[in-house]
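The values are calculated or read from the model by the stated rules, or taken from the named source; none is laboratory data. Only a predicted model underlies this, so the values are computations on that prediction, with no experimental measurement involved. Ideal geometry is used to build each Cβ from the backbone, glycine not excepted, and the neighbour counts take in all protein chains shown. Accessible surface is based on the protein model in full, side chains and every heavy atom, while ligands, DNA and RNA are left aside. Shrake-Rupley method; radii C 1.70, N 1.55, O 1.52, S 1.80 Å.
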Amino acid sequence: LLAVSVLMRLIVWDKICTKYLWHRIKAQELRKAVQPILILHSFRFAGLSFLIPGVASAGLNPAWALPAAFGDFTAAILAFTTLLLINSRSFRLFLWIFNILGLVDLLLAFVDGPRYSILPFLGADYFIVILYVPILLLTHMMVFKLLYKHSRVNHPLLMGKLLKSQGQ
């Protein structure tokens, strides 16, 4: 049931992101394009609720809850820090760090969730998993696409030089 719920949310969020977000941000300069995504991820402190008795069941395995909660909190701090650095030279570095660590956190939680049988113990946090996590995954993918699109390797002038150097 969880897999179906997450899959359905991925499909719905993908449609929403494609129609209302991606077409607006794909042509923007990187610093402007990632701002709404970083703001969204700044709310990942909500993952700390995995540690709150009554929100999550006391039976939620701390081996899953602690890394998931603090991984989300770290991603929120990195997203907010990256927003603060939007006009600095270290912006792109922090964007890469946020995006890699934030995605790894989500993937580890997905892999470890079944291993620790978290489903019966999520309580109200079930809605974080089925509603919030799918859009977080999709927006991490968008940031990777934007980073590639705005990378120096993908720059038209460099691509022309690269093709010339390869004799094409």
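Quick notes on this one:
Each row is one residue, and each column tells you yes or no for (1) within 25 Å of Gly113 (Cα to Cα); (2) at pLDDT 95 or above; (3) touching a Cys at 6+ places or on another chain (Cβ under 7 Å); (4) outside any helix (DSSP H, G or I).
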{"residue": "Phe43", "(1), (2), (3), (4)": "yes, yes, no, no"}
{"residue": "Ala79", "(1), (2), (3), (4)": "yes, yes, no, no"}
{"residue": "Ile86", "(1), (2), (3), (4)": "no, yes, no, yes"}
{"residue": "Arg92", "(1), (2), (3), (4)": "no, yes, no, no"}
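- Flag for Leu162 being surrounded by 12 or more Cβ atoms within 10 Å (Cβ to Cβ), over 16 Å from Ile39 (Cα atoms) and modelled with pLDDT of 95 or more: no
- For the range 54-77, the set of residues classified as of a type outside the set (S, T, N, Q) and not in a helix (DSSP H, G or I) consists of Gly54, Val55, Ala56, Ala58, Gly59, Leu60, listed by residue number.
- Some residue of the range 137-148 being part of a helix (DSSP H, G or I), touching a residue at least 12 places away in the same chain (Cβ under 8 Å) and touching a Cys at 6+ places or on another chain (Cβ under 6 Å): yes
- Here the condition is being surrounded by 13 or more Cβ atoms within 10 Å (Cβ to Cβ) and within 18 Å of Thr139 (Cα to Cα); of Leu10, Leu2, it holds for Leu10 alone.
- The set of residues in the range 18-42 being touching a residue at least 60 places away in the same chain (Cβ under 8 Å), surrounded by fewer than 19 Cβ atoms within 10 Å (Cβ to Cβ) and under 20 Å from Ile130 (Cα atoms) consists of Leu40 alone.
- Filtered residues of the range 43-73 (kept if β-branched (Val, Ile, Thr) and open to solvent by 70 Å² or more (accessible area, probe 1.4 Å)): Ile52
- Members of the range 75-116 found to be charged (D, E, K, R) and open to solvent by less than 30 Å² (accessible area, probe 1.4 Å), listed by number: Asp105
- None of Asp105, Asp72 is over 20 Å from Val12 (Cα atoms) and in contact with a Lys or Arg (Cβ under 8 Å, 6 or more places away or on another chain) except Asp72.
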